[in-house]
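Visitor: Right, I'll just put the structure down here and ask away after.
What follows is calculated from the coordinates using simple rules that are stated; it is not laboratory data. Predicted model, so just to flag it, every value in this text is computed and none were measured. Methodologically, a virtual Cβ is constructed for each residue, glycine included, from the backbone with ideal geometry; neighbour enumeration extends over all protein chains shown.
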Amino acid sequence: MKSLILSLAALASTATAHYTFPELVVGSQKTGLWTYVRKAANYQSNGPVTDVSSAAIRCYEASPGTASQTYTVNAGDTLGFTAASSISHPGPLQFYLAKVPEGKTAATFDGAGNVWFKVYSQGATFSGGQMTWASNGKQAVSFALPKTLPSGEYLLRVEHIGLHSAGSAGGAQFYISCAQIKVNGGGNGNPGPLVSFPGAYKADDKGIQINIYYPVPTSYTPPGPAVWTG
């Protein structure tokens, strides 16, 4: 009976519509669909990335060099993305930044190499034997840029991991977009640790391959490095 219940729960969750992150939000200002966000490969299908060793795990672009504009913000601003139509799977929400190297711009940088650092991570909460996710059902998600973030151009990567089918390797679903930003008024922080995509995750990482239904976990740590807070 338990296995039947778990199978039905996973099936119901899988049947729920997938989602995209098509729009950068700065404060309360929406900036236009796929205007400052590189158009993702799932812009029509809404389907996820499931192979963490694929280059798609980086920004999930529809094609290399996807055209988009770069939005100017200030260190300390609140940034985020709209979720279309909403985040409909259980799982963690994370944001990463990658500083654009000299000689490139946010529009020309592909995000390759050990350049990514985590600036926000939201996992699960536990109460009464239940595991819940604050991002579930949200139509927009955001975080605050560290005030000590150095000025310059960056790629901003949003990642939500659907864990409803993550009991076996390759079952986790990654919903990803990258926005292009230019940060003014920054500080002298030293962001890190730095990781690469692909490379930061393995398919069998505990935060990626996990059965969230039975037995219900009593703790959860999202994959990847520690959050840099400035």
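Visitor: Run the numbers on the range 40-120 and let me know its relative contact order in percent, using alpha-carbon pairs under 8 Å that are six or more apart.
Guide: Numbers: 51 pairs, mean separation 22.6, N = 81.
Across the range 40-120, relative contact order equals 28 percent.
Visitor: On a 0 to 90° scale, report how tilted helix 2-15 is relative to the longest principal axis of the chain, with both axes built from alpha carbons and the result rounded to the nearest 10.
Guide: 40
Visitor: Before rounding to the nearest 500, sum -39500 (n - 2.57) across all DSSP H runs of length at least 4 in the chain and divide by the residue total; then give [θ] at 222 nm in deg cm²/dmol. Show your work: numbers first, answer last.
Guide: On the way: 2 runs with 18 residues, N = 230.
About -2000 deg cm²/dmol.
Visitor: Still on this structure, please answer the following. Take the cross-link list 138/202; 39/138; 138/206; 104/138; 30/147 and give me the ones stretching past 30 Å between alpha-carbons.
Guide: Details: 138/202 27 Å; 39/138 21 Å; 138/206 25 Å; 104/138 34 Å; 30/147 22 Å.
104/138, as the Cα separations exceed 30 Å there.
Visitor: Right, next: How much net charge surrounds residue 59 when only other residues with a Cβ under 9 Å from its Cβ are counted (Lys, Arg +1; Asp, Glu -1)? Each step should come with its number before you reach the end.
Guide: Details: positive: 38, 58, 157; negative: 61, 110.
My count for the surroundings of residue 59 gives +1.
Visitor: Can you list the equivalent-ellipsoid semi-axes of the range 2-184, largest first and in whole Å, using the square root of 5 times each Cα gyration tensor eigenvalue? It would help to have the intermediate numbers written out before the result.
Guide: Numbers: eigenvalues 172, 61, 43 Å².
The answer is 29, 17, 15 Å, longest axis first.
Visitor: May I ask you to compute the full-extension gain from residue 62 to residue 139, defined as 0.36 nm times their residue separation minus their alpha-carbon distance, rounded to one decimal in nm?
Guide: Numbers: separation 77, 0.36 × 77 = 27.72 nm, distance 2.22 nm.
The residue 62-residue 139 span can extend by a further 25.5 nm.
Visitor: Let me ask something else. Each residue of the range 198-214 in turn: what ³J(HN,Hα) in whole Hz from Karplus with 6.51, -1.76, 1.60 and θ = phi - 60°, glycine and Pro shown as x?
Guide: x, x, 6, 10, 10, 4, 9, 4, 4, x, 10, 9, 7, 8, 8, 9, 7
Visitor: Can you list the aspartates and glutamates whose alpha carbon is less than 18 Å from that of residue 182, not counting same-chain residues fewer than 8 positions off?
Guide: 23, 77, 102, 110, 153
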